[in-house]
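The values are calculated or read from the model by the stated rules, or taken from the named source; none is laboratory data. On a predicted model such as this, the values are computed, not experimentally measured, just so you know. Here Cβ is always computed from backbone atoms with ideal geometry, including for glycine, and neighbour counts include all displayed protein chains. Accessible surface areas use protein heavy atoms only, side chains included; no ligands, DNA or RNA. Shrake-Rupley method; radii C 1.70, N 1.55, O 1.52, S 1.80 Å.
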Amino acid sequence: MRGISGVLLVLGVASVSHAAPATFQSAVNGSSPVLYYQLDETSGSAVNHGSLGAAFDGTYFGTPVRGYATAGGDAGVYFDTSDDFIESLATAPAGLTGNPTFSVEIIVFIPQNAVALLWPPFFHWGSAEPQTGRSAWLSLQHDQNSLVFAGFYNSGLRTQNPVSLGTWHHVVWVREGGANHSQQGTTLFVDGANVPLVPDTDLLGPLVPDVTSTAFRINRGHDFTRYFQGALDELALYDRALSETEIAQHYAATEFPVGVATTFGGDVPDLDVGPNPFAQATEIRFRIAEAGPALLTVYDLAGRRIATLVDGYRPAGDFGARWDATTEGGRGLASGVYFIRLESGRQSVSRPVVLLR
């Protein structure tokens, strides 16, 4: 796994200074993770709160900063040197080997100028000879501390746009295995948004994963030292694909404040919503990459369209709209999670928005 250089647009989210509250932990538990490290222990093992039980508690190695304080009242663990990592006591069950379906969810903080070495894994398992395709990785991309990689040893996808540094992020990798190869079946959500991905061209092309059973690891590969500098507050593994609705609910439960992006770039449509959460109305900024028909709509958690904000031709450029939390017929809506969706050309992007009356 080799390196890349280059700078792309930062994903537009406002800085947040706190990490997961109890509402987030409740939401995660409600989705039945098999592995769930809250990483708030100041001593002893990393406790597994998931269904696999205490056999999958994790051992801390090195000298990570434990009980790392967050403004939201929770605590996490800060990794700052190459000897810092966590490893589960037991190895991955059979259902998470081969070409599995799963989801990995984390809350992570990467500071400015942080070290990222050799695809350092937020979460990783699997190893064998030959290594190619035999292990799963949610990580930073090579030595790029603002690009996220989701895939397998020597093949996968990375974020097209960097994630902003110096702030907490909620990240979810949803992987649909089965017949999909290493560059299919992956969806990555950053702060509730389904973000654009591109093949990691530093690695091989598509291949069929065959993940082996090893201990789960945080911040260390099974082959050699790979590490990042930063903090993890929560990490959950599911033996199924989380739905977009569940991810939106989990993100809303983080209570992260979200702002409106100040810049756009690239060649895909994008949008941002703020304030979020909101009580009366929220402003929407969206970018059209290519001139043509544009559709900006609002959906509820059941997938029903409840409002159309824009429907018609738009030239390429940046635009704005406003939603006052009503249906197309003017009926006020109850508190809850809704989705703003932009469709432009052959592409679409959506973001969750939280209405709090």
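Details
- When a 1.4 Å probe is rolled over the protein heavy atoms, the share of accessible surface on the chain that falls to carbon and sulfur comes to 51 percent.
- Estimated translational diffusion coefficient (Stokes-Einstein, Kirkwood radius over Cα pairs, 4 °C, 1.567 mPa s) of the range 75-186: 87 µm² per second.
- Helix 244-254 and the longest principal axis of the C-alpha atoms of the chain enclose an angle of approximately 80°.
- Translational diffusion coefficient of the range 296-357 (Stokes-Einstein, Kirkwood radius from Cα pairs, 25 °C, 0.890 mPa s): 196 µm²/s.
- Length released on extending from residue 328 to residue 291, taking residue separation times 0.36 nm less the Cα-Cα span: 10.7 nm
- Stretch gain in nm, segment residue 69-residue 301, where the contour uses 0.36 nm per residue and the Cα spacing is subtracted: 80.2 nm
- Taken along the Cα-to-beta-carbon direction at a fixed 7 Å, the label points for residue 83 and residue 160 span 4.4 nm.
- Span from the the range 18-38 Cα centroid across to the the range 129-157 one, whole angstrom: 25
- In units of the rule-of-thumb radius 2.2 N^0.38 Å, the chain shows an alpha carbon radius of gyration of 0.97.
- Cβ-based net charge around residue 31, under 12 Å, with every Lys or Arg adding one and every Asp or Glu removing one: -2
- Reducing the range 269-298 and the range 299-344 to their Cα centroids gives an inter-centroid distance of 8 Å.
- Local electrostatic count at residue 288 - Lys and Arg +1, Asp and Glu -1, tallied over other residues with Cβ under 10 Å: -1
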